[in-house]
Every structure is written in C-alpha cells, then in structure tokens.
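Each remark here refers to the structure printed beneath this line.
What follows draws every value from the coordinates through simple rules; no lab data is involved. The structure displayed is predicted, hence computed values, not measured ones. Please note: Cβ atoms are built from the backbone with ideal geometry, for glycine as well, and neighbour counts cover all protein chains shown.
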Amino acid sequence: MGYEILDVRPLTKRIGAEVFGVDLNAPLGNQAVSELHDALMQHQVIFFRDQSLTYEGHKRLGRYFGDLAGHSAVAGIAEHPEIVAIHADETSTFVAGEDWHSDLSENAEPPMGSILYMHELPDTGGDTLFSSMYAAYDALSPAMKALLDPLTAVHDSNHIYRELFPDVDKKYPRNTHPVVRTHPVTKRKCLFVSQSKTVRINELSKKESDAVLGFLFDHVKDPNFQCRFRWQKKSVAFWDNRCTQHFAVWDYFPDVRSGFRVTITGDRPF
Ligand code: SIN
C-alpha cells in the first residue's frame with residue numbers, strides 16, 4: 001500500500017504499525033485521513049509518538065472516522081462526555097482493560113475503534129497487548145472454522161460493572177453477536193468472542209459452550225497473533241475493535257498511569 005503523507009512501519013507482519021509524519025492534533029486533510037484509515041485497515045492497530053492532543057483535538061481526530069460513542073458504565077470527563085479517563089494509581093483496585101476484550105462488544109452496535117492518548121506513565125511497565133482476530137481465525141483448522149462460522153454468542157458486561165459500581169440495579173448492555181464476524185471494510189473473517197465479555201454460545205449446551213469458549217479464550221492469547229506496545233508519554237494508539245482484542249498490563253502498581261480515550265461508533269456485526 002502506497003502512502004504519500006504517512007511513514008508506516010509495521011511492528012509485525014500480522015498486527016500493529018508505528019506511524020510517523022502526522023500531527024494528530026492538527027486539522028487533517030482528506031489524504032491524511034484516508035491514509036490513516038488505510039493503515040488502520042491493514043495493521044489493525046496503529047501507534048504514534050510525541051503527539052500533543054488537546055481534548056478538542058482528540059475528539060476531532062475521532063470524528064474523522066465516525067461519531068463518538070458514549071460508555072455505558074463510565075462517565076466521560078467534565079465538559080467532554082465523549083472522553084473517558086483511563087487512570088490507575090496507588091488507590092486503584094482494578095484498571096480498565098485488564099483482561100482480553102474488544103471495547104464495548106456488549107453493545108448492539110459495538111464501536112469500530114478506540115483512540116487512547118497517554119499523558120502520564122510509570123517508569124516501567126503499563127504496556128498494552130493487542131491480538132489480531134484475523135490471525136486467530138485464520139489459524140483454526142477447516143473443521144473448527146466450519147463449527148464456529150454459523151454460531152452466535154452473548155456478550156454481557158453486567159458481571160463486570162455491577163461489581164465495580166455501586167448502582168446494583170442498573171442494567172448494562174447484553175447482546176448477541178456472531179462468533180465469527182466479517183469485517184465490513186476488509187471483508188475478512190475474524191473471531192469475535194472475548195474472555196471478558198462473551199458468556200455463552202447460543203446454539204450449544206452450556207457444557208459445550210464453556211468448552212468451546214475456553215478453547216477460544218486460550219487461542220486468542222497466542223503470542224503469534226500479537227504485538228505489544230510500550231507506551232511513552234504522549235503516545236497514541238488507535239485500534240480497530242472489530243478485528244482486535246487488547247489487554248492492559250497492570251504491572252506497575254502503585255505507580256500512576258493516566259490517559260484519555262475516545263471511542264468511535266460502529267455497526268451491528270454480521
Ligand atoms: C482499554 O481501553 O481497555 C484500556 C487500554 C489501556 O489502558 O492500555
């Protein structure tokens with residue numbers, strides 16, 4: 001793929017690229033936006049260094065790719081409800097994303113992507129792992145693909161947020177999606193189940209569902225499908241939630257790690 005503006009350097013052949021040559025806080029022209037989209041479609045998660053994103057710049061960047069989505073459980077920051085703080089310090093009892101997941105997959109229309117900007121980091125640790133759900137699907141045997149292709153599964157977030165937030169009566173989203181989805185842009189097939197959110201395969205008995213999901217949750221953790229991003233202050237990661245999962249490593253307690261995330265709306269998976 002040819003780029004006129006961006007300098008795109010893959011981290012692995014399967015997932016992840018570092019991107020240079022763009023100031024993400026500045027208004028972007030059509031060519032730059034189109035190249036960013038191309039890079040995201042090709043590498044599934046793209047990383048940037050030395051960016052200075054203001055709240056407005058962060059939201060503008062997200063809106064080049066779609067409307068911004070709210071979070072069903074976590075309120076946005078003051079005066080910018082579309083921006084969620086990702087923060088951990090010595091008082092934290094959990095961190096966002098500490099298990100494999102695709103953001104808000106429990107929504108009826110899960111987001112297409114998320115853009116995370118980090119402004120404070122521990123001296124060491126706090127990396128994020130990303131796994132390619134194309135690579136995870138492609139690595140399955142034809143027989144396993146044939147079993148999984150027609151199945152659907154329930155994605156639920158109640159078991160996570162009810163424990164974390166005091167409002168025990170609140171109902172969080174719970175929706176059924178295909179176990180294998182087709183990416184709406186690339187048309188490639190990818191796995192769409194995650195340890196954090198997927199609770200049941202509808203067409204199987206509970207015992208069978210637990211066994212198949214257990215296998216798949218283990219499968220997506222294979223390092224052969226992954227890249228690992230070592231953050232620096234002012235780094236940005238932009239990932240495609242439709243074909244990746246991620247895992248935020250919390251190996252820096254009690255240090256501070258702090259950033260802001262916007263999430264871009266997506267379509268109903270098919
Ligand atoms: C998340 O969006 O799941 C958090 C990712 C991170 O903190 O690295």
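Annotation for the range 132-231: GluC sites (Glu not before Pro) lying in DSSP loop with at most 13 further Cβ atoms inside 10 Å of their Cβ are E203.
Based on the Kirkwood approach, the hydrodynamic radius assigned to the range 7-264 is 18.8 Å, with every pair of different Cα atoms included. Across the range 6-21, coupling constants 3J(HN,Hα) worked out from phi with the 6.51/-1.76/1.60 Karplus curve, θ = phi - 60°, read 7, 10, 10, 10, x, 8, 9, 6, 9, 7, x, 8, 8, 10, 10, x Hz, and Gly and Pro carry x. Using only Cα coordinates, the Kirkwood hydrodynamic radius of the range 73-220 works out to 17.2 Å.
Our note on the geometry: Cα centres of the range 172-234 and the range 100-120, 14 Å apart.
So if each residue of separation counts as 0.36 nm, and I subtract the Cα-Cα distance between D67 and D99, what length gain in nm does that give?
8.9 nm
Given the DSSP H assignment, sum -39500 (n - 2.57) over each helix run of at least 4 residues in the chain and divide by its residue total; what's the result at 222 nm in deg cm²/dmol, nearest 500? Write out the running numbers ahead of the final one.
Details: 6 runs with 57 residues, N = 270.
Taken over the chain, the calculation gives -6000 deg cm²/dmol.
Straight-distance candidates among the aspartates and glutamates for linking to K234, with alpha-carbon spacing under 13 Å and chain neighbours fewer than 8 residues away dropped: D23, D50, E120. When only Cα pairs below 8 angstrom with a gap of at least 6 residues are kept, the chain shows a relative contact order of 34 percent.
Here the chain is assigned +1 on the Cβ of each Lys and Arg and -1 on the Cβ of each Asp and Glu. Its dipole about the Cα centre then comes out at about 720 debye.
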